[in-house]
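Asks: Structure below; questions to follow.
The values are calculated or read from the model by the stated rules, or taken from the named source; none is laboratory data. Here the structure is a predicted model, which means the values were calculated and not measured. For neighbour counting, all protein chains shown are included, and Cβ atoms are generated from backbone atoms with ideal geometry for every residue, glycine included.
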Amino acid sequence: MKLKFIKVLFLLLFFACKQQTNSQALNKPNIIIILTDDQGYGDVGFNGSKQLKTPNIDQLAKNGAIFTNGYVSYAVCGPSRAGLITGRYQDKFGYSRNPLFAPKDASLGLPLEEETLAAALKKAGYTNMAIGKWHLGAHTTLRPLQRGFDEFYGFLSGGHKYFPEQLIRKDLSEVGSQFDAYNTKLLRNDTRVEETEYLTDAFSREAVNFVDKNAKKPFFLYLAYNAPHAPLQATEKYLSRYPDIKNKDRKTYAAMVSAVDDGVGLLLQKLRDLHIDKNTIVFFLSDNGGNENKGAFNGPLKKGKGSLFEGGIRVPFAVQWKGTILPNQKFQHPIISLDIFATAVAQANVTPKNKIDGKNLIPYLSGKNKDAPHETLYWRMFDKKSVAVLNNNFKYIIEKGGEAGLYNLAKDISEKNNIQDSLKIKELKSLYEIWNKNNINPIFYGLGENKENSFLELRSFFTVPKIIVSSAIFLGLWLLMQWTEDKPTFFNILSGLLIFLGFRLLFLVNIRNSKKS
């Protein structure tokens, strides 16, 4: 009898603990990050766009806060994403370049020592999904399911084609070069699948389905659209919304943003339908400034993608958390994408593995803390020898080629008036040097950085089939030289031309233009 009583008591205690754990998990807010790719600061309605219509993204911003001085930690895709997903300045762990697509190289991507937001939230019982562009490593050890995510639907490279009929590569063994990876079929977890929808619509569909399936437990959704990154491709459904835009690139770009906006609308509606919108934090931002050579518009900001002037690092950035974050805010203090990690883990009550650089924004957005989240923000582009420091509205910048300047962003958002103040420059340089002591050199070669990258790219793609093809070409060239050794001049000239063409073919088998990103 006594033994039976102990068993019953044990079971009661077990279920009570389980119930408490479930209750604690349910009280933790869901986290959604909606990340666009190369979207310009001026290409959302909440930043004043009159040409592009983004009603759903604007509604998200209206529900919470617009970050008028919202920054990312780098001016191009890969490093910016590494900073966002770890909450740390990516230069601290050597992720200062856009990684090559190298599925055979475990060093080309986010180091395993770095904890992702998904891995951190998993410790608090979150279910996690990554959708869209990964760009944090193509090796099997670096993919989403190895970095804290339970599900993945998307692609591993830095960009992708949008029309499903163009996704012709069934396997990585068929990929012939860096940008041939844009043609791969999508991955569902680790399996290639057939997609029938326009890519942006497909990612929106998957996001809505994930939320629908996981509404009763805390979840983290990383929805990383590749739109409006090149190639500029849109369906007539979205192109028809902009009949008055005559420039083809601008029109297609606008249509791509419109597709994203539709997806944001579907996702927000699903949160309302499931009555979980008050228990879900939704961030929206771009990974870097817009590429104005590809249809983007950065408003009053100087330059764009790839630059540490404002157009490259200040992005459209907003957040909603109904009932917690005050609506209709325009938050003026500078914040950075690293703050998303800090905000999420604070709400989940998780201690990160590594020391993070972001700040929990909720006390500032709820009105409890009136101070600025950051006193100073920093940027470094190692290969360009570009640096920037922002402190109390004063920004000091050195760009590639030696262009330097000091600007008061509170009065000069367009960075037109270079201030001559040697003491302020000395102060900001000193702050940068102290910060830079914690950084390391890049740990891998990057896309289009130098000639050594061409060798690395060649090495990464020299698979067995290509070695066979290359060997056959070399053998043919050798036999041709042997045959023409005692032939007349005409045959020697012809032989020389064929040898030249043979070597060109050899390199074309493995190398394609590496200046895209």
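Asks: Could you pull out the residue among ASP357, ASP371 that is in a loop (DSSP other than H, G, I, E, B), over 23 Å from the mean Cα position of the chain (by Cα) and acidic (Asp, Glu)?
Replies: ASP371
Asks: Checking the conditions here, which among LEU266, LEU274, LEU326 is farther than 22 Å from LEU117 by Cβ and at pLDDT below 95?
Replies: Step by step, each of LEU266, LEU274, LEU326 is checked, and only LEU326 is farther than 22 Å from LEU117 by Cβ and at pLDDT below 95.
Asks: What is the one condition in (1) surrounded by fewer than 17 Cβ atoms within 10 Å (Cβ to Cβ); (2) closer than 19 Å to ILE313 by Cα; (3) assigned by TED's automatic domain parsing to the domain that holds GLY109 that ASN349 does not satisfy?
Replies: In the conditions (1) surrounded by fewer than 17 Cβ atoms within 10 Å (Cβ to Cβ); (2) closer than 19 Å to ILE313 by Cα; (3) assigned by TED's automatic domain parsing to the domain that holds GLY109, ASN349 misses (2) alone.
Asks: A further question on this structure: Select, from ALA202, ALA227, ALA234, the only residue that is in contact with a helix residue (DSSP H, G or I) (Cβ under 9 Å, 6 or more places away or on another chain), in the same structural domain as ASP38 (by TED's automatic domain parsing) and not in a loop (DSSP other than H, G, I, E, B).
Replies: The match here is ALA202.
Asks: Filter region 130-179 down to residues that are among the hydroxyl-bearing types (Ser, Thr, Tyr) and in a loop (DSSP other than H, G, I, E, B) and give me whichever is farthest from LEU447 (Cα to Cα).
Replies: My answer is TYR162.
Asks: Output the residue which, of all residues in region 432-448 that are touching a helix residue (DSSP H, G or I) at 6+ places or on another chain (Cβ under 8 Å) and among the β-branched types (Val, Ile, Thr), is surrounded by the most Cβ atoms within 10 Å (Cβ to Cβ).
Replies: Restricting to residues being touching a helix residue (DSSP H, G or I) at 6+ places or on another chain (Cβ under 8 Å) and among the β-branched types (Val, Ile, Thr), the top hit is ILE443.
Asks: Inspect all residues belonging to region 272-291 and state whether any of them is closer than 24 Å to GLN59 by Cα, in a loop (DSSP other than H, G, I, E, B) and of a type in the set (Gly, Ala, Ser).
Replies: So far as region 272-291 goes, yes, one or more of its residues are closer than 24 Å to GLN59 by Cα, in a loop (DSSP other than H, G, I, E, B) and of a type in the set (Gly, Ala, Ser).
Asks: Which number in (1) in a helix (DSSP H, G or I); (2) at pLDDT 95 or above marks the one condition that ALA25 misses?
Replies: Checking ALA25 against (1) in a helix (DSSP H, G or I); (2) at pLDDT 95 or above, the one that fails is (2).
Asks: Ok, one more. Every residue in region 180-190 that is part of a strand (DSSP E or B) and within 26 Å of ILE31 (Cβ to Cβ), please.
Replies: If the condition is that a residue be part of a strand (DSSP E or B) and within 26 Å of ILE31 (Cβ to Cβ), then LEU187, ARG188 are the ones that fit.
Asks: Something else now. Here is a list of conditions, (1) touching a residue at least 40 places away in the same chain (Cβ under 8 Å); (2) of a type outside the set (A, V, I, L, M, F, W, C); (3) more than 30 Å from ASN393 (Cβ to Cβ), and ASN69 meets all of them except one; can you say which number that is?
Replies: Among (1) touching a residue at least 40 places away in the same chain (Cβ under 8 Å); (2) of a type outside the set (A, V, I, L, M, F, W, C); (3) more than 30 Å from ASN393 (Cβ to Cβ), the lone unmet condition for ASN69 is (3).
Asks: Can you pull out the residues in region 389-430 that are in a loop (DSSP other than H, G, I, E, B), modelled with pLDDT of 95 or more and of a type in the set (Lys, Arg)?
Replies: If the condition is that a residue be in a loop (DSSP other than H, G, I, E, B), modelled with pLDDT of 95 or more and of a type in the set (Lys, Arg), then LYS411, LYS416 are the ones that fit.
Asks: Tell me whether region 132-154 contains one or more residues that are at positive phi and surrounded by fewer than 20 Cβ atoms within 10 Å (Cβ to Cβ).
Replies: No: zero hits.
Asks: Within region 65-87, can you find the residues that are touching a Pro at 6+ places or on another chain (Cβ under 6 Å) and surrounded by fewer than 24 Cβ atoms within 10 Å (Cβ to Cβ)?
Replies: ASN69
Asks: Ok, one more. Can you tell me which residues in region 373-423 are among the basic types (Lys, Arg) and either surrounded by 21 or more Cβ atoms within 10 Å (Cβ to Cβ) or closer than 17 Å to ILE336 by Cα (or both)?
Replies: ARG380, LYS395, listed by residue number.
Asks: Does at least one position in region 321-343 carry a residue that is buried (at least 22 other Cβ atoms within 10 Å of the Cβ), among the hydroxyl-bearing types (Ser, Thr, Tyr), under 15 Å from the mean Cα position of the chain (by Cα) and in a loop (DSSP other than H, G, I, E, B)?
Replies: yes
Asks: Determine, yes or no, whether LYS251 is assigned to a loop (DSSP other than H, G, I, E, B) and over 30 Å from ASP277 (Cα atoms).
Replies: no
Asks: Please verify whether LEU121 is in the same structural domain as ALA259 (by TED's automatic domain parsing), of a type in the set (A, V, I, L, M, F, W, C), assigned to a helix (DSSP H, G or I) and touching a strand residue (DSSP E or B) at 6+ places or on another chain (Cβ under 6 Å), treating the condition exactly as stated.
Replies: yes
Asks: Also, I was wondering about something else. Out of the residues in region 193-238 that are among the aliphatic types (A, V, I, L, M) and within 20 Å of GLN166 (Cα to Cα), state the one that is surrounded by the most Cβ atoms within 10 Å (Cβ to Cβ).
Replies: Within region 193-238, the match that is surrounded by the most Cβ atoms within 10 Å (Cβ to Cβ) is ALA227.
Asks: Another one. Would you confirm whether any residue within region 444-453 is at pLDDT 95 or above and either basic (Lys, Arg) or over 28 Å from the mean Cα position of the chain (by Cα) (or both)?
Replies: no
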